[in-house]
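The values are calculated or read from the model by the stated rules, or taken from the named source; none is laboratory data. Since we're looking at a predicted model, the values are computed, not measured. In this analysis, Cβ positions are derived from the backbone assuming ideal geometry, glycine residues included, and neighbour counts consider all displayed protein chains. Just so you know, the surface numbers come from the protein's heavy atoms only, side chains and all, with ligands and any DNA or RNA stripped out. Shrake-Rupley method; radii C 1.70, N 1.55, O 1.52, S 1.80 Å.
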Amino acid sequence: EAWDAGKHVCATITFVYDHHVRELTERLNELQHDFGDAIVSTLHVHLDHHHCMEVIACRGRARQLREVSEKLLGTKGVLSGGIVAAALPKT
């Protein structure tokens, strides 16, 4: 409900990519820096010799988080991924 209403939410963006794709790591890092105000933390996992997984914790307006997830997941070399959002607790 908070997501559809465009409210402030928190989310994780998770994706798997082939780190041997030329300049992919640099493009992913640049995108994360472009959205540095929304990204709280990242986790990088080496899955095997070719593949890595990133889990990005973020918070902000749903529209902004949707934008960053679409850009990251749409980057050439990203194999799969998704975003999971949750409403922030009311204070």
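Please compute the per residue accessible area over the chain with all protein chains in place, 1.4 Å probe, rounded to a whole number of Å². Intermediate values should be presented prior to the final figure.
Numbers: 5870 Å² over 91 residues.
Spelled out: the 1.4 Å probe surface of the chain, per residue, equals 64 Å².
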* Ordering of 9-22, 31-44 by burial proxy (mean other Cβ atoms within 10 Å per residue, highest first) -> 9-22, 31-44
* Largest-first ellipsoid semi-axes for the chain, taking √(5λ) over the Cα gyration tensor eigenvalues, angstrom -> 25, 12, 11
* Asked: Over the chain, what is the relative contact order in whole percent, taking alpha-carbon pairs under 8 Å and six or more residues apart?
  -> 47
* Asked: If you take the Cα atoms of region 1-51, find Rg, then find the Kirkwood Rh from the mean of 1/r over all pairs, what is Rg/Rh?
  -> 1.06
